[in-house]
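Here it is: the structure, laid out below.
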Amino acid sequence: MLKKPLLLFVIVSAFAAGLYFSFFSKQPSLHDALTFFPIDPDAAYTEATTFIELMTKKDEDEYTLDWATASTLDQPAFLRQDVSLLFEDGYLIDTLYASTENKASLTMNKKVAGEDSGHYVAVTFHHSEIHYPNDDIMSAQTISRDELYIIDSPLSPLLSFKVAKTAEEKEGKRILDTILKQQMTYIQERLIEHFAINSESYYVIPLTKLADYQSVPLPNLDEKQTAIILSGLWERLYKHYVLSSGNAQHSTNPIGSTIPLIFLSENGDHAMIIYETDEGKPVQLLQTFSFS
C-alpha cells in the first residue's frame, strides 16, 4: 500500500502531467497555419529565390532534380515561413515547407526524381510575421518562381534548359507548351461548366503566374491592393490546397492536383480558386477582399 505522502505525490504528478499534455497537445503547429496581417511598409526582402536544376542522370529516362529556395528579410522576424509548390506538366508533384522563429533567413532544399520529358515549375511564397510592441503584428511577403524544361529524345542526349536557345530546345519547348496549354484549357473549360462561372467577368490567372505580379499590379488594382489579394490567396491556398484541411472536396494529399486557376473579379473584391484533385474532383474556394 502506498504511503500517504507518496500517494499524494503520484496524484499531483499525474494531474500536472495531464495539464501539460492537454495544453501542449492543443497548441497549433506552425505547419497548420499561414496567417496574413497588414503589410509592413518598413520590412523588405533582400533575397527571395527559387531554383530548379538537373542534378544527375541515372539512365536514359530517369534523372534527379535539385529544388531549392532561399529568402532573407532585412530584419529578424518573429516567424518566418516559406512554402514552395513544384508542378510538372500542370500537376502538383511535391511541396516544401519550412518555418523558423526570430530569424531573418530561411532555406529549403530537396532532391526530386524525374523521368521522361517534362516542364517543371516551382513557385514559392515567402512570408514573415513581424511583432511590435502593443501587440501590433504585421506581415512581409514576396513570391519567387523558377522553371525548367527537360527534353528526353531517343535521338539526342537528355536536354535541360530554362530558356530555349538552340533549334532543338525551341522545338522541344514548343511541343511541351502546346500540350500543357491544350490540357489546361480543357481543364479550365470543364471547371467553368461545372461551377457555372461567367468567365467574362473575371481575370483568369494560374497560380504559377502569381509571381509576375510582384513587379506589376493586378489588373485595375494598385500595388497595395495587389499585396492584400496575394496574401489572402496564399493564406487560403495553403490551408485548403496544400494542407487540404477543412476541405471535404479534397483528399488529404494534394499531390496530383491540377494547377489552381484564380478567377479574380474585375474590381478585385473577390476571387474564386478552382482546380481538380488527384481523383478528378472539382474544387472551388471563395475568397473576399477588403481594401479599407
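Against the definition (in a strand (DSSP E or B), in contact (Cβ under 8 Å) with a residue 60 or more places away in the chain and either at positive phi or within 15 Å of the chain's Cα centre (by Cα) (or both)), how does L85 come out, yes or no?
yes
Pull up the range 34-73, narrow it to residues that are in contact with a helix residue (DSSP H, G or I) (Cβ under 7 Å, 6 or more places away or on another chain) and among the hydrophobic types (A, V, I, L, M, F, W, C), then point me to the one that is modelled with the lowest pLDDT.
In this case the residue turns out to be L34.
Please work out which residue is farthest from Y120 (Cα to Cα), limiting yourself to the range 144-159 and to residues that are surrounded by 19 or more Cβ atoms within 10 Å (Cβ to Cβ) and at pLDDT 95 or above.
S144
Residues of the range 230-246 being closer than 21 Å to I192 by Cβ and in contact with a Gly (Cβ under 7 Å, 6 or more places away or on another chain), which ones?
Across the range 230-246, the qualifying residue is only H240.
Kindly indicate whether any position in the range 167-183 is under 30 Å from L79 (Cα atoms) and of a type in the set (A, V, I, L, M, F, W, C).
There is no residue in the range 167-183 that is under 30 Å from L79 (Cα atoms) and of a type in the set (A, V, I, L, M, F, W, C).
Would a scan of the range 124-132 turn up a residue that is under 30 Å from P38 (Cα atoms), of a type outside the set (A, V, I, L, M) and more than 25 Å from the chain's Cα centre (by Cα)?
yes
Which condition from (1) surrounded by 11 or more Cβ atoms within 10 Å (Cβ to Cβ); (2) over 29 Å from W234 (Cα atoms) is the one that A167 breaks?
For A167, the failing item is (1).
On the basis of being surrounded by 17 or more Cβ atoms within 10 Å (Cβ to Cβ), of a type in the set (A, V, I, L, M, F, W, C) and under 30 Å from G280 (Cα atoms), does I179 make the cut?
Answer is no for this residue.
Taking the range 88-107, which residues are within 13 Å of the chain's Cα centre (by Cα) and of a type in the set (A, V, I, L, M)?
If the condition is that a residue be within 13 Å of the chain's Cα centre (by Cα) and of a type in the set (A, V, I, L, M), then L92, I93, L96, A98 are the ones that fit.
Check every one of the strands (runs of 3 or more DSSP E) wholly within the range 127-225 and list those with 1 or more residues that are of a type in the set (K, R) and on the phi < 0 side of the Ramachandran plot.
Those strands (runs of 3 or more DSSP E) span 136-151.
The values are calculated or read from the model by the stated rules, or taken from the named source; none is laboratory data. All values reported here derive from a predicted model rather than from experimental measurement. Please note: Cβ atoms are built from the backbone with ideal geometry, for glycine as well, and neighbour counts cover all protein chains shown.
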